[in-house]
Amino acid sequence: MSTIQLPRVDANSPVPRYIQAKTILAEAIRNGNLRPGVKLPNTSEIGAAINVSLITAHKAIQCLVQEGWLRRERGRGTFVRGDFEASVAAKPRFRVAVTMAPSVELDDFYHGAVMAGIHEAADLSQPVGEVIIQRRLIPEGLSTIDADALLCLHPYQDTFPALEEELDKRIVVVLGGSMNNTRLVCVDSQNFEGARQAVKHLMSLGHRRIAIINGPLASTNCLHRFEGYMAAMQANGLSVRPEHVFNADVARTAGAALERLREVLKQPDHPTAILACGFYLALDVMALVREMGFSIPSDISLIGFDDPRSASLLDPPLTTVRQPLKEMGRRAYECITQLVTGERLARQVEMLPTELVIRESTAPARKK
């Protein structure tokens, strides 16, 4: 090792040190500085050469053995494999755990689309990675996940500190959530802007009493949609009535919020327009409004979030905020691949644009 010049890890890089160490050693093997059949120095010498701890050096070497770069011989040491090119090509270089709460339903539109993007990117990625699904409570279940990288689906705000601590051990990317001033790499949609544009559209149609039904504000995407709604209302001088704000505990099962909406719709000054911050919420609102004898959009205009094909087939076709869900999944996985290979990312938080798709569930407010 003393005759081989190796780079040292970058202490300021967001890439975990064991990944940097692994990349340095793999590159030394690839370029011939560590030749096939050569025996590696002991772990402490390697750690000293590239400026990492003994534990970090051990983890990097262990990963290289698993990936097919190195082989261990009991009682003799660790050697560069003579067939490392074929061996590495045949094995995944890293494992990505897609983590989510146990209650997440992967067969719904949102999760199906983001997972399709993840798998598409994984199929095309170089180096090869292995995707595994892990339903765990965060942060309690993090220690039980055996993976080089975590791709966390829309974690709640209060779990971000634990995920940041996890950065010392492995790569972490958040998908479908984001916060300012976080150390985590985040890939999200422009939820704030999407909700703001939706409310502006309703205002352009003459609506002034605009309600919002939303998921839990502990979820950052729900929070940002609520903030976009508030910003649009306040920018246009409209007061936000507390009784017109319905933030559910769980977005997919918003029974309590819907019951409160039912009572509000009985009042003579009920909302003339509703922003439902999810496709399934929009379906629930549509059913409730009809049950109560209102017509969409002549009595109440409705805007949803997300745009599955069925949104255009509803009666009336749904005006909605389209998110680039598949692209979000694809981009999040690409970020992991870049970090695994030691690349720096252009942006820590990447926000993909939303699009307001105007259909027939919105119409001018009735004049009194």
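The values are calculated or read from the model by the stated rules, or taken from the named source; none is laboratory data. Model, not experiment: these values are computed from the prediction. Positions of Cβ are backbone-derived with ideal geometry, glycine not excepted, and every protein chain shown enters the neighbour counts.
Among residues belonging to segment 232-263 that are touching a helix residue (DSSP H, G or I) at 6+ places or on another chain (Cβ under 8 Å), surrounded by 17 or more Cβ atoms within 10 Å (Cβ to Cβ) and hydrophobic (A, V, I, L, M, F, W, C), point out the one that is nearest to Asp107 (Cα to Cα).
Going through the qualifying residues, I end up with Ala251.
This table checks each residue for (1) closer than 14 Å to Thr320 by Cα; (2) at pLDDT 95 or above; (3) surrounded by fewer than 23 Cβ atoms within 10 Å (Cβ to Cβ); (4) assigned by TED's automatic domain parsing to the domain that holds Ile303.
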{"position": "Gly177", "(1), (2), (3), (4)": "no, yes, no, no"}
{"position": "Asn180", "(1), (2), (3), (4)": "no, no, yes, no"}
{"position": "Arg183", "(1), (2), (3), (4)": "no, no, yes, no"}
{"position": "Ala195", "(1), (2), (3), (4)": "yes, yes, no, yes"}
{"position": "Ala198", "(1), (2), (3), (4)": "yes, yes, no, yes"}
{"position": "His201", "(1), (2), (3), (4)": "yes, yes, yes, yes"}
{"position": "Arg209", "(1), (2), (3), (4)": "no, yes, yes, yes"}
{"position": "Ile212", "(1), (2), (3), (4)": "yes, yes, no, yes"}
{"position": "Gly215", "(1), (2), (3), (4)": "no, no, no, yes"}
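Report whether or not Ser103 is touching a strand residue (DSSP E or B) at 6+ places or on another chain (Cβ under 9 Å), at pLDDT below 90 and surrounded by fewer than 13 Cβ atoms within 10 Å (Cβ to Cβ).
Working: touching a strand residue (DSSP E or B) at 6+ places or on another chain (Cβ under 9 Å): yes; at pLDDT below 90: yes; surrounded by fewer than 13 Cβ atoms within 10 Å (Cβ to Cβ): yes.
So Ser103 fits the description; yes.
Taking the condition in the same structural domain as Glu334 (by TED's automatic domain parsing), over 13 Å from the mean Cα position of the chain (by Cα) and free of Cβ contacts under 8 Å to residues at least 60 places away in the same chain, does Thr144 pass?
Values: in the same structural domain as Glu334 (by TED's automatic domain parsing): yes; over 13 Å from the mean Cα position of the chain (by Cα): yes; free of Cβ contacts under 8 Å to residues at least 60 places away in the same chain: yes.
Against the criterion (in the same structural domain as Glu334 (by TED's automatic domain parsing), over 13 Å from the mean Cα position of the chain (by Cα) and free of Cβ contacts under 8 Å to residues at least 60 places away in the same chain), Thr144 qualifies.
Condition first: touching a helix residue (DSSP H, G or I) at 6+ places or on another chain (Cβ under 9 Å) and either over 24 Å from Leu283 (Cα atoms) or not in a loop (DSSP other than H, G, I, E, B) (or both). Now tell me which residues in segment 87-110 satisfy that. Quick ask: steps written out before the conclusion?
From segment 87-110, those touching a helix residue (DSSP H, G or I) at 6+ places or on another chain (Cβ under 9 Å) are 87-88, 91-94, 96, 98-100, 104-106, 108-110; that's our starting set.
Residues satisfying the conditions are Ser87, Val88, Lys91, Pro92, Arg93, Phe94, Val96, Val98, Thr99, Met100, Phe109, Tyr110.
Of the conditions (1) part of a strand (DSSP E or B); (2) touching a Leu at 6+ places or on another chain (Cβ under 6 Å); (3) of a type in the set (Val, Ile, Thr), Thr320 clears all except one; give me its number.
Failing condition for Thr320: (2).
Within segment 315-340, restricting attention to residues that are under 20 Å from the mean Cα position of the chain (by Cα) and among the hydroxyl-bearing types (Ser, Thr, Tyr), which residue is modelled with the lowest pLDDT?
Of the residues in segment 315-340, the ones under 20 Å from the mean Cα position of the chain (by Cα) are 321-340.
Add one more test, that the residue is among the hydroxyl-bearing types (Ser, Thr, Tyr), and what stays is 333, 337.
Details: Tyr333: 96, Thr337: 92.
So the residue we want is Thr337.
Restricting attention to segment 291-317, report how many residues are part of a loop (DSSP other than H, G, I, E, B), of a type outside the set (D, E, K, R) and closer than 21 Å to His207 by Cα.
10
Report the residue count in segment 264-290 for those that are of a type in the set (Val, Ile, Thr), part of a loop (DSSP other than H, G, I, E, B) and in contact with an Asp or Glu (Cβ under 7 Å, 6 or more places away or on another chain).
0
Hey, any hits in segment 274-287 for a residue that's in contact (Cβ under 8 Å) with a residue 24 or more places away in the chain, of a type in the set (Val, Ile, Thr), closer than 23 Å to Leu175 by Cα and in contact with a strand residue (DSSP E or B) (Cβ under 7 Å, 6 or more places away or on another chain)?
No - not one qualifying residue is present in segment 274-287.
With respect to Val240, is the statement that it is on the phi < 0 side of the Ramachandran plot and part of a helix (DSSP H, G or I) true?
Working: on the phi < 0 side of the Ramachandran plot: yes; part of a helix (DSSP H, G or I): no.
Taking the combined requirement at face value, the residue does not satisfy it.
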